[in-house]
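Everything on this sheet refers to the single structure shown next.
The values are calculated or read from the model by the stated rules, or taken from the named source; none is laboratory data. What you see is a predicted model; the values in this text were computed from it and never measured. Every residue, glycine as well, gets a Cβ built from its backbone with ideal geometry; the counts of neighbours run over all protein chains shown.
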Amino acid sequence: MSIVLTVQPSPGGSMNLSHRSDPLDLRGRRIFLTGATGFLGRSLLDYLLEGANLHGDAPLVTVLSRSPEVFLERFPEYAGLSWLNFVQGDLTQLPHTPPGTYTDAIHAAADTHSQPNSLLWITQLVEGTRNVLEFARQGGIERFLFISSGAVYGPQPAGIDTLREEHPFAPQTTDIRAAYGQGKRMAEHLCAQYAANGGLECVIARCFAIVSRHIPLQGPYALGNFMRDAIKGQGISLSGDGQTIRSYIDGRDMAHWMFTLLKRGASGEAYNVGSDRPISMLELATTIRELVNIDQPIHVLSQPEPNGRSIYLPCISKAGMLGLSIETPLKDALADVIHSLYPVQSGTTQSDALNPEDCGTVNSQTTLNKLDGLFPESADLA
């Protein structure tokens with residue numbers, strides 16, 4: 001079976017992304033970065049690479065990784081860059097460096113997926129953050145950005161349109177499923193303590209959902225699963241009723257926000273990083289199906305929730321005070337990611353990224369392996 005994949009542009013020319021702000025000029029900074037091997041972290045590296053191409057140089061960036069060789073073999077586009085180097089280690093074994101080695105630190109390392117041992121998970125989230133904070137304090141680092149999560153708010157209460165940074169909402173302390181959100185909350189509090197008492201300027205970024213070419217196509221992310229189903233030429237399956245409301249920020253926009261917060265965010269403060277433009281899961285699946293241009297059904301597997309739809313939206317007015325905004329509409333971001341999966345012209349049969357015969361086979365293990373090769377889900381927490 002053969003399919004024809006055509007990436008449909010949205011009105012206005014969806015893959016013309018020239019309206020985005022230029023990358024920040026971070027030359028002269030020396031950044032220590034954890035979590036660069038995850039899909040969010042690779043979006044940060046892409047942003048720095050874009051900036052290097054624009055400005056002719058980039059900040060000096062050191063990435064902490066447990067397996068630099070494995071990462072660079074998997075992602076060779078990050079090898080051989082004069083401004084980027086890797087140091088082997090993890091959050092329990094940080095390198096010994098003299099004070100003044102780095103000017104900034106970004107701590108993005110965290111396993112975002114449910115772990116069988118929640119106690120170890122919380123320890124990694126909290127103690128890992130404390131270790132990086134202490135590393136930064138002792139090393140005389142000037143600015144520290146902690147990448148947290150919207151999970152710190154817990155479920156969005158009924159009657160609340162968007163989640164604001166000052167809202168006191170939190171996961172229930174007795175809900176053992178909330179280990180990730182609780183771990184991030186405790187880590188945020190450590191950052192606030194270091195900002196107040198440790199002589200370290202700490203900024204907290206609460207990240208919501210992201211559209212990125214690095215998003216895993218296997219795993220807990222609905223967006224990645226929808227794209228996987230669509231590019232295989234099969235129907236998209238929604239595990240819920242399709243009415244859940246979420247929002248998505250473009251990965252490049254997200255990275256621009258993160259480096260702006262690193263540079264200009266107020267110490268001791270938290271900022272939501274995400275989009276405030278709502279979309280239901282059914283609308284998201286429909287948009288992806290239209291962009292990929294497949295004639296396959298969308299399978300809604302559950303009945304509507306009796307207590308109403310689940311909503312999870314950030315308020316981004318605080319980030320807006322720093323001049324940050326959503327520069328890339330969701331449909332443009334989705335088209336850009338799909339095009340990176342299938343770099344083909346409209347109306348042509350794709351044969352390079354995936355074998356069309358594999359794409360037409362719903363349960364083809366070969367196809368799934370190739371998809372994993374395009375978007376492997378990194379387990380490297382550093």
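Some values worked out for this structure:
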item: Members of the range 148-172 that are out of contact with any helix residue (DSSP H, G or I) (no Cβ under 7 Å at 6 or more places or on another chain) and either on the phi < 0 side of the Ramachandran plot or at pLDDT 95 or above (or both); result: Gly150, Tyr153, Pro155, Gln156, Pro157, Ala158, Ile160, Asp161, Thr162, Arg164, Glu166, Pro168
item: Filter result for the condition that a residue is modelled with pLDDT of 95 or more, assigned to a helix (DSSP H, G or I) and either surrounded by fewer than 22 Cβ atoms within 10 Å (Cβ to Cβ) or charged (D, E, K, R) (or both), over Ala187, Ala192; result: Ala192
item: Enumeration of residues in the range 196-247 that are among the polar types (S, T, N, Q), crowded, with 18+ Cβ neighbours inside 10 Å and in contact (Cβ under 8 Å) with a residue 60 or more places away in the chain; result: Ser212, Gln234, Gln243, Thr244, Ser247
item: Any strands (runs of 3 or more DSSP E) falling wholly within the range 39-129 and containing at least 3 residues that are touching a helix residue (DSSP H, G or I) at 6+ places or on another chain (Cβ under 7 Å) and surrounded by 13 or more Cβ atoms within 10 Å (Cβ to Cβ); result: 84-88, 104-107
item: Residues satisfying the stated conditions in the range 21-74, i.e. at pLDDT below 95, more than 20 Å from Ala105 (Cα to Cα) and of a type in the set (A, V, I, L, M, F, W, C); result: Leu54
item: Complete set of residues in the range 135-154 that are of a type in the set (Val, Ile, Thr) and either under 21 Å from the mean Cα position of the chain (by Cα) or assigned to a strand (DSSP E or B) (or both); result: Ile147, Val152
